[in-house]
Structures are given as structure tokens and as C-alpha cells.
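The values are calculated or read from the model by the stated rules, or taken from the named source; none is laboratory data. Since this is a predicted model, take the numbers as computed values, not measurements. In this analysis, Cβ positions are derived from the backbone assuming ideal geometry, glycine residues included, and neighbour counts consider all displayed protein chains. Remember, those area values only see protein heavy atoms, side chains included, never the ligands or the DNA or RNA. Shrake-Rupley method; radii C 1.70, N 1.55, O 1.52, S 1.80 Å.
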Amino acid sequence: MYGLVLEGGGAKGAYHIGVYKALIDEGIEIKGVAGTSVGALNGAMIVQGDYEKAYEMWYDMSYSKVIDANDEEIEKLKQRKLGREDIYLLAEKIKGVFSEKGLDVTPLKNLLTELIDEEKIRNSGKDFGIVTVSLTDLRPVELYIEDIATGKLVEYLMASAYFPIFKREKIDGKRYIDGGIYNNLPVNLLKDKGYKNLILVRTHGVGHVKKVDLKGLNTIMISPNEDLGKTLDFDGDTARYNLKLGYYDGIKALRGLKGYSYYIEPTKDEDYFVDYLLNLEEDDILRLEKTFRLDSSTSKRALFEFIMPKLSSVLGVKREADYEDVFFTLLEKLAELYGIERFYIYNYDELLDLVKDKLKNEIDKETGMIDKIIEKVDLLSFFGREDIIKEVGKIIL
């Protein structure tokens, strides 16, 4: 049994639901959920067991589902295609926002009222906690479902997600603001409930993350290696991309896949790559030395002491990385350069074969051109980083 903690992040929240799909596919049962802001909204749908509704909500996401706005006008604004009349209407709306003390998020409240089944959440047998901040009392408020009065859940979910520029409604005479300013990743809510196995889903949204001692806990961190977009960018294409990214990042974390931007099953071990390097031909070592402007030597010592550190630097691999990491990074850099599909779970040999095919096609086109250039010029001054990576791939792979 695991507890799931969802970080706030506004429009980045599609990533949560992608991750949750990975948890479902991997057969991981979630016993409790804690979330802040959009993490609270998504968490409620997860607790009530409505993955399909959550997925559809994000897949069909638009600005007009969150704020009182016209999607066509926002698209014009994003593309800077506003006419004179559009600008006048926009100015009037901005005045209205200030006079009303924030963006009208009635559409979001209506959406939650439609999607959230409070009774189902209360009867789910799962723990559920959220975070908000009381502006009236000037204090953080951490609530479990049992602390929230019946019929008030949607109001408190909204309270957790009240971004500072949103128009806020009072709950029992008190005003609240987005819980992310206090704790955007509320690990403590499940830790305090006794959870030892936790899955933490990051979005790197704006907010404060309270430090929690994770000693003695079994934690799995699922975090994107790329920017999920702007907090208030409720664009449908971005949401659909983040759904997919969350799913594959979730599978990567749960299965222990390799890769930074690709998803590769680690079917080889460190010894395999050491043996592979030891069996390189002398001519290949010489070509690598010329590529990196090193003194000519065909010794294996030069390969390990000088060539591989140079390659690691070009690839951006950390100094402490092992040879397995270097090979995987080289492989996925080449996959990126040749436009090989990213969202797929490969084993090492599968991706290697695809990259080799691309390299072979390029070699056939060049008919030895690069070798002739290497003999005459300084490769590093003539070629860019991408060309060097391709050349190393042709030699090593």
C-alpha cells in the first residue's frame, strides 16, 4: 500500500494524472493521497477512483474551463494577433479584473462541482489531505477529509487552489489562498498518518516545499526532466503532452528504466560496457583520439584515461558517472538527433539498432567525407557538438 503526494502547479497538473495511469498499469494500490492546489483537485478525483474523468478533464483542458475567458481571444493574445477592437475589449476586461479583485474562476468551481463526488470520497476508505492558507487568520490550514464539514469539500478544494490573482470566495466568513505558499508538497500529511511507502510527484510549480525527514521511509520520486509549462497556461496541447510525459516518467521511476529523455530497459550491466570498450579495434581508438584532438596512441589506457572523460564532457555526463551511463547518454543523444520516437519503452538493443540504422544511412551518404576532413583540419573547430556526437557514434556503435 502506498501514499501518493501531489505537488501544486496549476496547469502543470496534467502530469499528475499521467503518473497515476502508470500506477494503475503497474498494479500499485494507493491507500491515501495528499495534495496542494491542483494536487488537491487531482487528488480528490484519484481518491474517488475516477481516473477516466480526470483524464478527460485534462485531455480537453482549455482556459475557459478554469477562468471566465474566451479561448479564441486568449489564443490571439498568445500569438500577438489582437486587433484594435480586441485590445479595447481586453483593456475593459482588465479593468473588470481589478474592480472584482481577481480573475473569475467560477468555471473551475462549476467543473469541480460536476466532477467531484464528495460522498464517494468520504466512503472510499482512503486517507485524503489538503493544504490551504487562511488569509483571515494569517495561518496555514492542513485538513484531512474528516476535518472538512459535509458539503464543503469543493469549497476547500478551491481554497487550496486560490492562486493570488484569482477572485476568492469566503468559506464561513474567512478568506483563503493557495496552499502552495505554505507547503506545496505536503509529505507530512501522510507521514503523520503513519505511511511508510510514499510516491512523491513533483511539478516544480511555484511555491514553498517544507522539508520533511524521509529517514525510515520508502519513497519513490517522480519528477519531470523538462519544464511542464507556465502555471496558468491552460492550453489543451500542453496538457495532453504532460499527460503522456507523466505516464512515461511514472513507468520509468517504477520500473527503474534508464535514460534522461528516453525510456530504456537496462538489459546490460557495467561489465558489458567495460568489455565492449576493451574490445575496440586500434583503428577505432585512433579515430577517437583524432576526433578529440588527443596525441596519437592506440593504447587502451588512453581510451579510459583521456577519450572517455572527453566524451563524457561533450555529452554533459557527470564526472562520477560510470561507463553504462555514458553509453546510455550517447545512445539517447543520437536518438534525439535523428528524431527517433521518444515516447516508447525500448530495451537497449532495440534503440541501438534504430540508431545504427540512422548512422549507417549517414555513413553511406558521406562515403568517407568525414575521414578526409579529419586528416586536414581541427575537427572541434570545424564541427559542432552534434557532429562530434554523431562521429563518436559511428566509431563506437
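For region 193-200, state whether one or more residues are crowded, with 19+ Cβ neighbours inside 10 Å, polar (S, T, N, Q) and touching a Ser or Thr at 6+ places or on another chain (Cβ under 9 Å). No: region 193-200 contains no residue that is crowded, with 19+ Cβ neighbours inside 10 Å, polar (S, T, N, Q) and touching a Ser or Thr at 6+ places or on another chain (Cβ under 9 Å). Here N225 clears all of (1) open to solvent by 50 Å² or more (accessible area, probe 1.4 Å); (2) assigned to a helix (DSSP H, G or I); (3) within 28 Å of A161 (Cβ to Cβ) except the condition numbered (2). Do we have any residue at all in region 228-247 that's of a type outside the set (S, T, Y), touching a strand residue (DSSP E or B) at 6+ places or on another chain (Cβ under 6 Å), under 25 Å from V133 (Cβ atoms) and open to solvent by 70 Å² or more (accessible area, probe 1.4 Å)? Scanning region 228-247 turns up no residue that is of a type outside the set (S, T, Y), touching a strand residue (DSSP E or B) at 6+ places or on another chain (Cβ under 6 Å), under 25 Å from V133 (Cβ atoms) and open to solvent by 70 Å² or more (accessible area, probe 1.4 Å). Among the residues making up region 155-192, a single one is hydrophobic (A, V, I, L, M, F, W, C), open to solvent by 30 Å² or more (accessible area, probe 1.4 Å) and in contact with an Asp or Glu (Cβ under 7 Å, 6 or more places away or on another chain): F163. Within region 268-301, the residues that satisfy the criterion of being open to solvent by less than 80 Å² (accessible area, probe 1.4 Å) and either touching a Ser or Thr at 6+ places or on another chain (Cβ under 7 Å) or not in a helix (DSSP H, G or I) (or both) are K268, L280, I285, L286, E289, F292, L294, S297, T298, S299. Only residues that are without any contact (Cβ under 8 Å) to a residue 40 or more places away in the chain and either outside any helix (DSSP H, G or I) or closer than 14 Å to A34 by Cα (or both) were counted across region 102-135, and they come to 2. Among the residues of this structure, A321 counts as one that is closer than 23 Å to I264 by Cα, in contact with a helix residue (DSSP H, G or I) (Cβ under 9 Å, 6 or more places away or on another chain) and at pLDDT below 90. On inspection, Y260 qualifies as out of contact with any Phe, Trp or Tyr (no Cβ under 7 Å at 6 or more places or on another chain), open to solvent by 20 Å² or more (accessible area, probe 1.4 Å) and not in a helix (DSSP H, G or I).
Conditions (1) over 20 Å from F166 (Cα atoms); (2) aliphatic (A, V, I, L, M); (3) open to solvent by less than 70 Å² (accessible area, probe 1.4 Å); (4) modelled with pLDDT of 90 or more, marked per residue:
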{"residue": "K95", "(1), (2), (3), (4)": "no, no, no, no"}
{"residue": "F98", "(1), (2), (3), (4)": "no, no, no, no"}
{"residue": "D104", "(1), (2), (3), (4)": "no, no, yes, no"}
{"residue": "L108", "(1), (2), (3), (4)": "no, yes, yes, yes"}
{"residue": "L112", "(1), (2), (3), (4)": "no, yes, yes, yes"}
{"residue": "T136", "(1), (2), (3), (4)": "no, no, no, yes"}
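Name the residue that is nearest to L397 (Cα to Cα), counting only residues in region 326-348 that are without any contact (Cβ under 8 Å) to a residue 60 or more places away in the chain and of a type in the set (D, E, K, R). Checked region 326-348; the qualifying residue nearest to L397 (Cα to Cα) is K333. Annotation note: Cβ proximity below 8 Å between a residue of region 146-162 that is without any contact (Cβ under 8 Å) to a residue 24 or more places away in the chain and a residue that is among the hydroxyl-bearing types (S, T, Y) and surrounded by 14 or more Cβ atoms within 10 Å (Cβ to Cβ) (sequence gap 6+ or interchain) occurs for I148/Y156. Hey, could you check region 1-29 for residues that are within 15 Å of T219 (Cα to Cα), open to solvent by 10 Å² or more (accessible area, probe 1.4 Å) and among the hydrophobic types (A, V, I, L, M, F, W, C) and say which is nearest to the chain's Cα centre (by Cα)? If we take residues in region 1-29 being within 15 Å of T219 (Cα to Cα), open to solvent by 10 Å² or more (accessible area, probe 1.4 Å) and among the hydrophobic types (A, V, I, L, M, F, W, C), then I28 is nearest to the chain's Cα centre (by Cα).
Filtering region 335-353 to residues that are assigned to a helix (DSSP H, G or I), crowded, with 18+ Cβ neighbours inside 10 Å and either out of contact with any Ser or Thr (no Cβ under 6 Å at 6 or more places or on another chain) or of a type in the set (D, E, K, R) (or both) leaves A335, L351, L352. Taken over region 201-222, the residue count meeting the criterion of being out of contact with any Lys or Arg (no Cβ under 8 Å at 6 or more places or on another chain), crowded, with 18+ Cβ neighbours inside 10 Å and not in a loop (DSSP other than H, G, I, E, B) is 1.
Out of everything in region 298-325 that is free of Cβ contacts under 8 Å to residues at least 40 places away in the same chain and β-branched (V, I, T), what residue ends up being farthest from I285 (Cα to Cα)? Selected residue: V317.
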